[in-house]
Structures are given as C-alpha cells and as structure tokens.
1. Give the residue that is nearest to residue 313 (Cα to Cα), with candidates limited to residues of segment 183-205 that are within 25 Å of the chain's Cα centre (by Cα) and in contact (Cβ under 8 Å) with a residue 60 or more places away in the chain.
2. For residue 119, state whether it is under 23 Å from residue 24 (Cβ atoms), modelled with pLDDT of 85 or more and part of a helix (DSSP H, G or I).
3. Do we find a residue being surrounded by 14 or more Cβ atoms within 10 Å (Cβ to Cβ), touching a Pro at 6+ places or on another chain (Cβ under 9 Å) and not small (Gly, Ala, Ser) anywhere in segment 159-177?
4. Which residue out of 226, 231, 186 is surrounded by 16 or more Cβ atoms within 10 Å (Cβ to Cβ) and among the small types (Gly, Ala, Ser)?
5. Only residues that are touching a residue at least 40 places away in the same chain (Cβ under 8 Å) and β-branched (Val, Ile, Thr): list them for segment 148-170, please.
6. Just one of the numbered conditions (1) out of contact with any helix residue (DSSP H, G or I) (no Cβ under 6 Å at 6 or more places or on another chain); (2) within 14 Å of residue 373 (Cα to Cα); (3) not basic (Lys, Arg) is not true of residue 335; which one?
7. From the list 336, 350, 328, which residue is closer than 19 Å to residue 383 by Cβ and either in contact with a Gly (Cβ under 7 Å, 6 or more places away or on another chain) or in contact (Cβ under 8 Å) with a residue 40 or more places away in the chain (or both)?
8. Do the conditions hold for residue 334, that is, is it part of a loop (DSSP other than H, G, I, E, B) and among the basic types (Lys, Arg)?
Amino acid sequence: MTSSLQKDRILIVDDAKATLEVLQRNLTSAGYHVFTVSSVAEALKILENTPLELVITDLKMPKVSGLDLVRHVRENFKDTEVMMITGYPSIEGAVNAVKTGAEEFLAKPFTDEELLAAVRRVLDKLKIRRSGHLTSVQAASMHKGFIGRSKVMQKVFTAITKASSTSATVLITGESGTGKELAARAIHYGSSRSSAPFVPVNCGGIPESLLESELFGHVKGAFTGATESRAGFFHAADGGTIFLDEVSDMSLAMQVKLLRVLQDKEICMIGSNRARKVDVRILAATNKELNDLVKKKIFREDLFYRLNVITLSMPPLRERDDDILLLARHFAVKFADEADKSSLRFSDKALQSLLYYNWPGNVRELENVIQRLVVMTDGDLIEIPDLPFLMRFTALQKTGFTRTLTEVETEYINNVLESVDGNKTRAAAILGIDRKTLREKLKNMKP
C-alpha cells in the first residue's frame, strides 16, 4: 500500500510525444505524481532510482518493446504494477500482455474516464497485494493507538499533536465509530495532564434527570435517595481531562450549567450553595452537526463557540482506503490471538470486497466484522462466502463504466454463484430469475 505522505507515482513510457503529454496532463490533474519517458532505456534508469507504483507502457516502440519492459518489471520490481496501452490492438497482443504480467490492456483511442478507471483498478490490486506483506501492526503507521497511512489520518495525527500542546477546549466531530474517544485519549495522554485522570462521559447514555448529579455531584439529602454525598465526574477529573461524548444530547438547561463551568472554572454540587474551583480540561465530541442544531435553537450558540476553540474532524472509514486493509489485518491478528487460533488469511477477492464496501459503521463496524469472521470461520482462509451478505458483491462498485452490460452481468452472475458455492437454486433466487433462465444465461456465457 502506498504511503499517504506522497502521491502514487506513475511512469509513462511512449515514443509518441502527444500521447505522453495527454496522459501526463490527465493523470497529474487526478492527483498522481507522473514521470514520462519516450524509450525503455530511459524507463529503466528511472526504475532503478525511483520507487514507482505503476508503469504504463506502449506496446510497440523502437529497439525494445513494451512487452520486454513488462517482463523486466515483473521479474525485478515485485512492488510495482504494469499497464499496457497500444494503438495496434489485437487479441493476440492483449493475451501476450496479460501473460507477460500486465494488469490492464487499453487500446487507443480511449477516453479519460477509461484511463482513470483502469489506473484505479490497477492501483487497488497493488494495495491488496501489498497488504499481504503485512503480518503485524508494526508494519502499519501507528500514532497513539491509531493505525493509518491515509492522507486524512496523517492530518488527524498532526492535529492531535497540536491540540496536545495546548490547554484549549477541543470539539471532536465525526460519525459514530470513527474513533472520537480514541482521539480524545490521544490528546490527553500527549498533553502535560497525562499523569492526571482522563474521565470519559457518555452524555447520551445518562438519563437527563441524573446527568447533573453525575457531572457535578450532590450532597447528602439533596434529593430523595441521596443518602450520602457523592462527588461527580468533574471532581474525579480535577487536574486532568473530562471527555463529554455526544454533548449534543444535553438539554438546554444542562447546556447552561456546562457553559457556566467553562466560563467560571467552578462547579456547584446539587444541594450545595458553595461553588468549588476545578482545574479540568474539557474535550467534547458529537456525531451531529452542531451548526444545524444552533440554527434550530436546540443547541446554545454561546456554548458552541466555547467548545469549538479547536475542531478535530474524524474522517469516515470510506475516506480512508489506504487504511482499510491495514486495520482488517490488525484486527484479524488481534482476535485470532484472543481466540487462541492461527492467524487468518484473506483471499484477494475478500480483500477487494473489504476495500470497496462503504462501511457505514466505520472502524467499529470493521472491527466487529473481523471478530465475527475469526470466530465463525473454520479454516484459516477467509473468502467471499465467509463475508456478511451485503459485502459479497461490493467489488463490482468501483470497476468503472467501461464495460458492456453483458460483461457486468456475467461477472455478477459468477460472483453470485461463487457466494453460494455453485448452488444454482439459491443463485437464481438471489438474481430474481428461475433456474431455467439461469441455465440459459450460463450456456450463453460459455465460450
């Protein structure tokens, strides 16, 4: 998998200057780092001195052909993918290119969309293959409990480091399962308060009638059932950090009380008339848009600005393509160790499905899926049929729009059959057709 600190590096080899210019312009605008040369000899020099993710080469060139370059890359650069383009398309040429080791074969002229879709497919295959080399969490980029190499996570790591160096209030936003509490812990344990308590509070999980008492404490006799005085979470966090998760679930009345703590740095226990100073850093988190809640007058604007001194946005897993396979392998090792089982391996198709799935539950969902696979899989290889139903066909989602309807249908039918171990009755039910229609389609699919 490519390091997120740099762009994917692509070398284009073509003796036609116009082709080089067009490909370079299109790929550079798509965010890739592009090198261009007009001969295989020049390509070899760059390969020897520059790590590359992909080589795109023309088939027919003077002196040394593109096929020779493909063969050289495959034999000497195991961590680089190859893609071939040609203005002289033929079935024989395509077959030779694939046999030699090219992952894709594009015939000129091709559209910008066809080019970018093919490049994406090839680089995704590289991610999958590279992930197979990762056998432990040490192979991944780590930062205070996080695992991630993606660009968005590198920005998060930088923001955590900066937030740790100050005592300012931090508002952590992001969908459920993105790691907001983990980010809060990283900020606390990277700060000067690291030796003091870190107290997490789920505001949405405490009944409104009890939240004030839980946060600020109460004195004996303050209300029915208060048989003794009890300190609150702010007392417990004195000198350290309190993390208010789902702060948007607080009522307007509780928001006023929290605002007073932020302004005056003191709390008052229920039933007491005496305020007490506290030295507590407040970190808050929400999976909702507080701006929208402010406009609807559900969340106080003044509290929003008090909390929103520093904002840390946790990205959803679907925006962390470079991290999905790293996390999957980390969780597989973790849960295999806990279950005293041998480490599980993933088939390429299973990895592809993990990579292309949308992950609405984010990292928490991925962790739960991998735990289930470790527990429920009998062998040591995880394949497509082992995955949850909704994930089995996600590999089709990012294959681009360059194929015919017949090609898409054929691949889909084959995937459905594979997911049900060749059971035609079950496959027909999933496809919404009868067995006779399925037999006809399979018959027409045969060469």
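1. 183
2. Judged against the criteria, residue 119 is a match.
3. yes
4. So the residue among 226, 231, 186 that is surrounded by 16 or more Cβ atoms within 10 Å (Cβ to Cβ) and among the small types (Gly, Ala, Ser) is 186.
5. Hits for segment 148-170 are 152, 156, 160, 166, 169, 170.
6. That leaves (1) as the condition not met.
7. 328
8. Taking the combined requirement at face value, the residue does not satisfy it.
The values are calculated or read from the model by the stated rules, or taken from the named source; none is laboratory data. The structure presented is a predicted model; accordingly, all values stated were derived computationally and were not measured. Ideal geometry is used to build each Cβ from the backbone, glycine not excepted, and the neighbour counts take in all protein chains shown.
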